[in-house]
Amino acid sequence: MTAPARTPRRRWRLVMRLLGLLALIYAGWCGAVYFKQDSLIFPRDMAGKGTGRPPANVEVLTLAVDGGTVEAWLMLGEGRSREQPGPAVIFFHGNAELIDDCVGRAEAYAQRGYTVLLPEYRGYGRSAGTPSERAIVADAVAFETMLAARPEVDPRRMIYHGQSLGGGVAAQLAARQPPRALILQSTFTSVA
């Protein structure tokens, strides 16, 4: 005995139900992405909590924010002092990293005579607050102002180096405070 053949109308209803189910799944996925977009852009839980303290050759700078402080690590370039100011690099790390992970890069710059600032993002590592584009850029502007005022730094020779998410921060800072050079490494062209 053979199964009864489906009529075109039954097939059409089945196709429409499947399309409706797919549309519902897609709408649910889009809703989840919309409400979790900050976690996707700023996956601070993946970055960990850091080593707990900076290396011996690092000075900790802090910036007061709601609910605590945001920290940055400053590493003087070799041969730099009040008497011999020099260029400086602000290095902005990627979205699943901490400043603790960038010490090797900072040391490479410092060995070449560049003073390096490694600003942390709000909510990352030991820094308080919640990360957002507006908050991180505001902190970057404040840290850049602190760095430019240092006697060991020639403020006319500032370089911003951003990696991944940090490239967006560096570009936003460059739009507000133009640097001598801007380095964008593995940076996105659009968050959307």
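Key figures
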{"item": "Unmet requirement for Ala181, which otherwise passes all of (1) surrounded by 18 or more Cβ atoms within 10 Å (Cβ to Cβ); (2) of a type in the set (A, V, I, L, M, F, W, C); (3) modelled with pLDDT of 95 or more", "result": "(1)"}
{"item": "Test: Gly123 is open to solvent by less than 20 Å² (accessible area, probe 1.4 Å) and either on the phi < 0 side of the Ramachandran plot or not β-branched (Val, Ile, Thr) (or both)", "result": "yes"}
{"item": "Filter pass, Ile41 being modelled with pLDDT of 80 or more and of a type in the set (Val, Ile, Thr)", "result": "no"}
{"item": "Arg82 being modelled with pLDDT of 90 or more, closer than 21 Å to Gly166 by Cβ, more than 19 Å from the chain's Cα centre (by Cα) and not aliphatic (A, V, I, L, M)", "result": "no"}
{"item": "Exclusive hit being in contact (Cβ under 8 Å) with a residue 12 or more places away in the chain, within 16 Å of the chain's Cα centre (by Cα), within 23 Å of Glu59 (Cβ to Cβ) and part of a strand (DSSP E or B), set Gly125, Gly162, Gly129, Gly166", "result": "Gly162"}
{"item": "Single match in Ala140, Ala108 (criterion: hydrophobic (A, V, I, L, M, F, W, C) and over 17 Å from Gly168 (Cβ atoms))", "result": "Ala108"}
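Yes/no matrix, rows are residues, columns are (1) surrounded by 20 or more Cβ atoms within 10 Å (Cβ to Cβ); (2) closer than 22 Å to Val70 by Cα; (3) modelled with pLDDT of 95 or more:
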| position | (1), (2), (3) |
| --- | --- |
| Gly86 | no, no, yes |
| Ala110 | yes, no, yes |
| Gly113 | no, no, yes |
| Val116 | yes, yes, yes |
| Arg134 | no, yes, no |
| Ala140 | yes, yes, yes |
| Arg150 | no, yes, yes |
| Arg157 | no, no, yes |
| Phe188 | no, no, no |
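The values are calculated or read from the model by the stated rules, or taken from the named source; none is laboratory data. Note that the structure is predicted; figures quoted are calculated from it, not measured. Cβ sites come from the backbone with ideal geometry, for glycine too, and all protein chains shown count toward neighbours. Protein only, heavy atoms only, side chains kept; ligands, DNA and RNA dropped before computing areas. Shrake-Rupley method; radii C 1.70, N 1.55, O 1.52, S 1.80 Å.
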